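What follows is a set of notes on a single structure, which appears directly below.
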Amino acid sequence: MDLLIQIFGDAQQRLFEGVVQPFLFHFGMANLLEDGYAATGWLLVGLLQIAIMIAVIVPLQRWKPVEPVVDHQAIRVDIIYTLIHRLGLFRLALFFSIDPMWDAVMGTVHVWGFPAFHLDDLWPGVTDNAWVSLLLYLVVFDLVEYWIHRGQHGLRWWWKLHALHHSQRQMTVWSDTRNHLLDDVIHDAIIVLVAQLIGVAPGQFVAIVALTQLSESFQHANVRIWFGHLGERLWVSPRFHRRHHAVGIGHEPMAPVRNKKVHGNNFGVLLPWWDMLFGTVNFDLRYDPTGVRDQVQPDAQGKLRDYGRGFWAQQWRGVLRLIGRA
């Protein structure tokens, strides 16, 4: 762990001193040097993720695809989303909007006398070990992600935004980041708040986000891969997550499970444990068509919903759905 941190830190320092710092000085933004250094870390993580996606996951898609690629334009749009999110453009927007708000909130809470809390202090000598604390925070964040995902599907207004993510009928490694920007803002605001509340260290937070994003990219890939009966219950596979994206199956009301009415299945982000625990799991070994039902089944007026073909069209139509005008 320490060696990996050292290697990453050295690369971040060189990138910052060679590119970002001269850029900030040239444009008179030296007051942002500290934030620029943090942004350099996110940029480096994004570059590494994209490199792995191209070098490893894209060849897997060509080797063992679920379906032939027929909609190249849709994939090009997804690549735009990926570049926006992985190269730090979206996080830069959050820096000027959401992050200062949470910093102010947490600062006020501490002024009121509430002590800072660190989850890794629960068991001194054990949970404060670097690897143990990383795994602890990873599990906690994954549980939070599960319930965020349930909210994105269970709350009608939130689904109107999140439906864009499910509108991709040609799933690939690039599809994970096809989200409405408002959906991403809500999601990231919750994650940042939780990070502040449980006291995760900045370096560990970056590692958790990077691992989660890379795993999600693989889960959306056009690959006919599953992890076996045991592996499917340890980590979310592309097969497991594709079931969540299946038309009329993964994200719509389904038959009662364990005498409880549930909506959709396979909401887990990294770990399928939460779906197994809360009765939303579906381990059927199938590869069904993906998308949203109203894309393929006409409504009472005989119309299909249009989610937009380009980036801005998709964002605008999401706003119209949210306000009830689409």
Inset, instruction - Leaving out ligands and nucleic acids, note down the accessible area per residue over the chain with a 1.4 angstrom probe, in whole Å². - result: 52
Legend entry - Computed Kirkwood radius, in angstrom, where 1/r is averaged over Cα pairs of the chain: 21.3
Legend entry - Potential lengthening between R309 and I54 on full extension [0.36 nm per residue; Cα-Cα distance subtracted]: 89.4 nm
Legend entry - Degrees, to the nearest 10: 311-322 long Cα axis against longest axis of the chain: 70
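Using the beta-carbon distance between H72 and V140 and R0 = 45 Å, what value does 1/(1 + (r/R0)^6) give for FRET efficiency, to the nearest 0.05?
Result of the calculation: an efficiency of 0.70.
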Legend entry - Normalised contact order of the chain, rounded percent, pairs of Cα under 8 Å and 6 or more residues apart: 19
Legend entry - Estimated dipole of the chain in Debye, rounded to 20 [Cβ of Lys and Arg +1, of Asp and Glu -1, Cα centre]: 1600
Legend entry - Helix 72-86 vs. the chain, principal-axis angle (Cα, 0 to 90°, nearest 10): 20
Legend entry - Degrees between helix 98-111 axis and first principal axis of the chain (Cα, 0 to 90, nearest 10): 60
Legend entry - In order through the range 204-218: 3J(HN,Hα) via Karplus (6.51 cos²θ - 1.76 cosθ + 1.60), integer Hz, x for Gly, Pro: 5, 4, 4, 5, 5, 4, 4, 5, 4, 5, 5, 5, 5, 4, 5
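The values are calculated or read from the model by the stated rules, or taken from the named source; none is laboratory data. Bear in mind the structure is a predicted one, so any value in this text is a computation, not a measurement. When we count neighbours, we look across all protein chains shown, and the Cβ atoms used for this are built from the backbone with ideal geometry, even at glycine. Side chains included, ligands, DNA and RNA excluded: accessible areas come from the protein's heavy atoms. Shrake-Rupley method; radii C 1.70, N 1.55, O 1.52, S 1.80 Å.
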